Structure formats: structure tokens, C-alpha cells
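Below is one structure, written out as C-alpha cells; the observations come after it.
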2 protein chains.
Amino acid sequence: MHRTKIKVVADALDANNTIAQANRADFDRHGVAVVNLMSAPGAGKTRLLERALADLDGVRAGVLEGDVAGSFDADRLSLLHLPVVQLNTGAGFGGECHLDANMVRSAIPSLPLADIDLLVIENVGNLVCPAEFRVGEDARIMVCSVTEGEDKPLKYPLMFRACELVVINKIDLLPHLDVDVDRLLANLDAVNPGAARMLVSARTGEGVDAFAAWLAEVPSRVGAAA
Amino acid sequence: MHRTKIKVVADALDANNTIAQANRADFDRHGVAVVNLMSAPGAGKTRLLERALADLDGVRAGVLEGDVAGSFDADRLSLLHLPVVQLNTGAGFGGECHLDANMVRSAIPSLPLADIDLLVIENVGNLVCPAEFRVGEDARIMVCSVTEGEDKPLKYPLMFRACELVVINKIDLLPHLDVDVDRLLANLDAVNPGAARMLVSARTGEGVDAFAAWLAEVPSRVGAAA
């Protein structure tokens, strides 16, 4: 007996991934590498960007700022004289707790893709849902503040697994905390052994050079070229 | 001309509120007051409870722990010899980023309602969605760590508006931060002028007595009585 061979179309029903691929195609057409930057609220994403984006070794960066409400971070970053676009998720009741591909798609016409090599998308502060939505990025980075405690990789494993780079921030506060950074890193290894990691203080600047260098290499690493 | 008077059934389509009311009825039947405790990840909810629940002035407390994965906080609180029930939201991909009324409802048969006066529901660490879902609580409290910065009330206004009490935690770190706690409180006033607030350090114990007293008064304040 012959059976018709059934073709399985993977992801056919996942509208988010379909739109993320459309975003990706737009980014590729302009040779723009894209980083999705995630963290809990107040982990220091914006301060880290304030420091790192100031000198990216010739790489032209732009920022897409995701927030429930307001443009507080975008206002801060605009002082760097980079293109910054604000995306607010707060149209619904309470607002969306993450960016998805369609929200990013709505911002693409406002982004000067022809003039940048690297787009950093600063996601809404949240350790759960942002990890579930691809937006067309090349790399995912999360910032974890040591003040949040050692247990976060075990409590939010998807987020820590989703990222290629985990930036441990606020290490200047370690002398004042009961937090063992080795245990934090061991917990990261338990959920994502291959993740790159770096220890930084966006406040003092310690380690920020290494983070800036990692960011500056994303375009050549992913083969983006205008 | 006569018109038929149309009866408006408020919230008729809101399944969450319907279930929250059923939870509320169960809590009332047992004379249990309920607090919904929310914060960003790592703001110190569990540590605050470890300290405050140890001496609640005769009020018998229980805890419902909400987490995406694991039972790390429940394990810590179980050392207090209080009834602690773990509720994990991680059944789906990545897990839910908040508790809703139906999740709490599923835990009610596991809660010893006849033996407690106060149930503290420790929500998933997140400043967005938990504020959107009533679970049948009497009071909502949020914990905001000073390490998260001054701007959080402006960036997550719904959460700060939803709460009767805002606990500003980790004040022992203020000498080591560039954070102006008066500005943080002014930002809270901008979105929720009537909110009670207290400054605490769950680490050193400063201010925890006042928080414990506030918690211990919830049952009599809401008229709960077994």
C-alpha cells in the first residue's frame, strides 16, 4: 500500500517566528547585526549601554528601547548621539511584559538601518517572557545583577539558557552582599554550561571594555556587512 | 417611547475575576486574610518573609510560593515551621510569568486554611503581569529594592499603583549606590500618592518589625475571623 508522504511544515503556526524571519531579512538586507538585551528590572542594562556604546571601535550602533511606559532610558541613551527609537508596550491594560517580533517589526520603519552596523534591542525588564519571543536577533545577552542573588539561573532557567552571553553586573557591590559569585556561576553552569560570561560593574566601569569588545565583534561574527 | 432597561453585568467575561471571587469566598469561609506579595526578581521577598513571619504576634501564617521552576524559596521558608505550598507555573514553554486566580485555586485544597489566619502569596518575580491578575487577596504589597534604581515607579506604574503598601528594601546598600531614595519616593508619589511605604533592610533587619506589624494587622483590618 502506498501512502501519500506528508510534508511537515515546522513552525507553520508560530506567527512570532514568521515575523521574526521577516525582521531578520530586513536586517540582513541592510547588513545590520542585532542583539536582544534582556534582564530583570533594574539590573543595569541602560547604564551598561551608556558606557559600552560610547566607544564601539568604529562600529555604528543604534538602540531600540522597549519599555512598558515612558522613554526614560531612551532619553538617557540619546545623549550618546546614537539613533534611539522608543517602543512602548503599554497600549493594553498594564502593558505587555516583553517585546515580540511584531512589535519590533512596527519599529523597523523608524530605524535608520542604512546608517548602523549594530542594533541593540533593550527588552522590557523581565526574566520570563522576553526569552520566549525571538525578534529576529543574531545574539541574545542577559544582564544579571549580583544583588538579585545566586539562585536566579535555577529559578528562571529558560532566560539563562536562551542567552549566548550572561553579563554579571554590579560586582562593585559584592563586598556589601551575602552573595557568592562562584555559586551564581555554578548555577549558571547547571542550566547553560556553554554560556559566555563576564563580570562587570557598569557603575565603576570595571569589565565594561570586554563587554564593549564583545558587542563590537557581533557584526563581523555573524557576517553582517552593509 | 419605552426602552427595555439593559442590565450591564460587569466583569461578565473576565474568567480570572470570577475565579478570584471563588477563592475569596473560600478564604472568607475559613476566616483567612490574604496578601499578594509581588516584586521584581531578587528584590528580597523571601528574605523579608523569613524575617517577618518568624514573629507575627500570634497570627498564624501560611505561604503559597509561586515560581516558574523549583522550590528554592519554599524550602527556605519551610524552616520556619509554617505551612508552605509550592505552586510552579512552568508547565508550558518557559512558564507563566505571574500567578492568576485559577493557579491559586488549584492550590487551595493543599492549603490548611482551617489552621491559619493569614496567607501570604509570594508571586513570581515580575513587575508587569502579576499586577494584572487578582487572585482573591485582601491586600497587595510590593517589594522594591533600592538597587533597582529610582525610576521603577515611572517605568512600571501599574504595579506601583496596584499596591496598598510599597516596601523599599536593601536600604543597607544605599551608601554604596548612586540612588536617591527621596527621588524614588517622589516617583512613587507621582503614580500612587496614597500608598503606604516603609524602608527596610531584610538583611540587617532594619524596619522589618514595622513590616511584620503591618502584616500581622491584615486579618483584623479586613475583618477576617475564623
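For this structure, a couple of remarks:
- Residues located in segment A:102-135, provided they are within 12 Å of A:Asp26 (Cβ to Cβ) and surrounded by 23 or more Cβ atoms within 10 Å (Cβ to Cβ): A:Val104, A:Leu119, A:Val135
- A count restricted to segment B:163-184 and to residues that are open to solvent by 30 Å² or more (accessible area, probe 1.4 Å), under 15 Å from B:Val143 (Cβ atoms), more than 11 Å from chain A (Cβ to nearest Cβ) and outside any loop (DSSP other than H, G, I, E, B) stands at 0.
- Test: residue in segment B:53-73 that is touching a Cys at 6+ places or on another chain (Cβ under 6 Å) and within 12 Å of chain A (Cβ to nearest Cβ): no
This table checks each residue for (1) touching a residue at least 60 places away in the same chain (Cβ under 8 Å); (2) crowded, with 20+ Cβ neighbours inside 10 Å.
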{"residue": "A:Ala43", "(1), (2)": "yes, yes"}
{"residue": "A:Ala52", "(1), (2)": "yes, yes"}
{"residue": "A:Leu64", "(1), (2)": "no, yes"}
{"residue": "A:His81", "(1), (2)": "no, no"}
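- Subset of segment A:114-162 [within 14 Å of chain B (Cβ to nearest Cβ) and within 10 Å of the chain's Cα centre (by Cα)]: A:Glu122, A:Asn123, A:Val124, A:Pro130, A:Ala131, A:Arg140, A:Met142, A:Val143
- Reported count of residues in segment B:190-223, each being open to solvent by 60 Å² or more (accessible area, probe 1.4 Å) and in a helix (DSSP H, G or I), is 5.
- Boolean, B:Asp138 is surrounded by 19 or more Cβ atoms within 10 Å (Cβ to Cβ) and among the acidic types (Asp, Glu): yes
- Scan of segment A:22-36 for residues that are buried (at least 17 other Cβ atoms within 10 Å of the Cβ) and closer than 13 Å to A:Val218 by Cα, ordered by number: A:Val32, A:Ala33, A:Val34, A:Val35, A:Asn36
- Within segment B:167-182, being among the acidic types (Asp, Glu) and touching a residue at least 12 places away in the same chain (Cβ under 8 Å) holds for B:Asp172, B:Asp180.
- Of the helices (runs of 4 or more DSSP H) that lie entirely inside segment B:44-156, those containing 2 or more residues that are within 26 Å of B:Asn192 (Cβ to Cβ) span B:45-52, B:101-107, B:152-155.
- When every residue of segment B:212-224 is checked against the conditions, none turns out to be within 12 Å of chain A (Cβ to nearest Cβ) and free of Cβ contacts under 8 Å to residues at least 40 places away in the same chain.
- Those residues of segment B:83-105 which are more than 11 Å from chain A (Cβ to nearest Cβ) and without any contact (Cβ under 8 Å) to a residue 12 or more places away in the chain, in sequence order: B:Ala91
The values are calculated or read from the model by the stated rules, or taken from the named source; none is laboratory data. Computed from a predicted structure; not experimentally measured. Positions of Cβ are generated from backbone atoms using ideal geometry, with glycine treated the same way; all protein chains shown enter the neighbour counts. Keep in mind that these areas ignore ligands, DNA and RNA; they rest on the heavy atoms of the full protein, side chains included. Shrake-Rupley method; radii C 1.70, N 1.55, O 1.52, S 1.80 Å.
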